[in-house]
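Right, one structure below, let's go through it.
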Amino acid sequence: SGTSTPLTENAPLSAHATKHARHVQRRRMFPTVLYEPRPSHFDPSAPHGDFHGFFTLFWVGLFIMVVTTGLRNMKDTGKLMRTSIFSLLTDDLRRLAIADAAMVGSTLVCLPVQRGFATGRWWVRWDGAGHWMQHIVQLGWLAFWVWVPFGLGWQWTHQVFFTLHTLCMLMKIHSYSFYSGHLSTTLRRLEALDASDKRTEDEDTTELREQLAFELTAPCGTLSYPANLTLANFVDYLLCPTVCYELSYPRTEKIRWAKVVEKGAAIFGCVFLLTLISEEFIYPVMLDAAHRLESITTVSEILLILLESISHLLFPFILTFLLVFLVIFEYVLGAFAEITRFADRQFYADWWNSTNWLEFSREWNIPVHRFLQRHVYKAGASRLGKRGSMVLTFVVSAAAHELVMAVITKKLRGYGAAAMMMQLPLFAVQQLPWVRGWKTSMNVVFWISMIWGLSMVSTGRRLVCGIKLMGCRFRVCMC
């Protein structure tokens, strides 16, 4: 019961010693196991959070996959690796590098433009027609650089890389231009206060002056606007792993070159693994599905091929997704953060614990989430309201996803937008009060939809092609 019976006066001395020992902690003569209330490591309430060993196991498993794949290829073909996908990556790399450098170099135009707004050189002001002209120029810039890969006839791998880098640079120049434009308007307001003839200022004017002066200074460091409008500052911003411009960023003390080499090697390793998985486990399945669709006669056969292809692609695509996530957010951004001494390395949160897609969108790509929150949602909230701003943010995100899918398929199919629209009813269900508490179940639903969705989107194109092919045959038979 947790209580002890009081000892009598004539109790033996050993009984008194035993009672005293219960309240004294000392080392026993016989080895003792110390038991205390503790949860297991995988218990949701456990404070443990170090699962780095599983990350090591992930890489060990990939190494085993590479070895077994190479041995199987040696047995079947006499070669360690197949080269059809590898040839896509190495084809026309010189023109890709030149075009990419030209695209990045074209962003330097933002610097003299913003200098003009800072000095009042232009005949328009930023808070007038200036920001609308910036929108038009950005759309034209994006349209031109998206057209370049198609005009040069590049492989889809080069087109996807170039398009993603173009979208990244678009977000950078948008953030740089609109934040600098806002500061130019702020500087003009502050100069107007300085030019005032009033000898004394009321409390509101003094507070406004302090607020405007505070707006022109960096959140960290001593840099202030317009001293930031230099080539060195702009190039540093281009290299920093962020798409939200600030006058200055927190920095580490030094560059750890060993980390740079480590992350650079990891980038090439991930690209090699992505190519290997595509070559061995994705491309053969898609090729087989395409050949089988040529002889289909019924819709049921199409659906059977679709489901079979999805089942074969589930594991390869989730591996591909994880490797793409690692190569971008851990290694590429980490390498640039190390080179620029960029101290804020929170490029992602624990998105793998997400219980819905809205939570996932906030945590798996924090740089882009911050951009959408700062330059789309909050910028549109004053004009469109909270609900309208949310719709605008969703439309912008869907348009970017659809653009990437269009680059891959060479047509506007609506796959990306449709996949995002399918998230809305699922999210509505997950927000019900009696569902919110089922965190483990919702995490299971998230992972199932993630794994299934990646394979479904990839095989959807084959399904559409199969239905069209069957329709053509039907029309021929009718004729």
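All of the numbers you see were taken from the coordinates with simple rules; none came from a lab. All values derive from a computational prediction rather than experimental measurement. Don't worry about glycine lacking a Cβ; one is built from the backbone with ideal geometry, like all the others, and counts go over all protein chains shown.
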Output the DSSP H helices from the chain with an along-axis C-alpha extent of no less than 24 Å and a mean Kyte-Doolittle hydropathy no less than 0.0.
52-76, 131-152, 156-194, 257-277, 299-325, 378-409, 439-478
Please name which of Q155, A129, L139 has its Cα lying farthest along the dipole of region 91-182 towards the positive end, using unit charges on Cβ (Lys, Arg +1; Asp, Glu -1) and the Cα centre as origin.
A129
Residue-wise HN-Hα coupling along region 370-376, computed from phi with Karplus coefficients 6.51, -1.76, 1.60 (Hz; x: Gly, Pro):
5, 5, 4, 5, 7, 9, 10
State, as an integer percentage, the relative contact order of the chain based on alpha-carbon contacts under 8 Å between residues 6 or more apart.
14
Can you tell me the FRET efficiency between E253 and T298 if r is taken as the Cβ-Cβ distance and R0 is 60 Å, rounded to the nearest 0.05?
0.35
Suppose each label sits 7 Å from its Cα in the direction of the beta carbon; what would the L223-R72 distance come out to in nanometres?
5.1
For the residue pair T56 and R383, what label-to-label distance in nm results when each label sits 7 Å from Cα along the Cα-to-beta-carbon direction?
5.4
Taking the beta-carbon count within 10 Å as an exposure proxy, list S309, S45, S389, S441 from fewest neighbours to most.
S45, S441, S389, S309
With label points set 7 Å from each Cα along the Cα-to-Cβ direction at E308 and T230, the distance between them in nm comes to 6.6
Taking alpha-carbon centroids only, region 384-442 lies from region 56-96 a number of Å equal to 34
Can you list residues whose amide H is under 5 Å from R251's amide H, if they're 5+ apart or on another chain and H is modeled 1.01 Å from N?
A343
Efficiency of FRET from Cβ geometry, Q211 and N443, R₀ 30 Å, rounded to 0.05
0.10
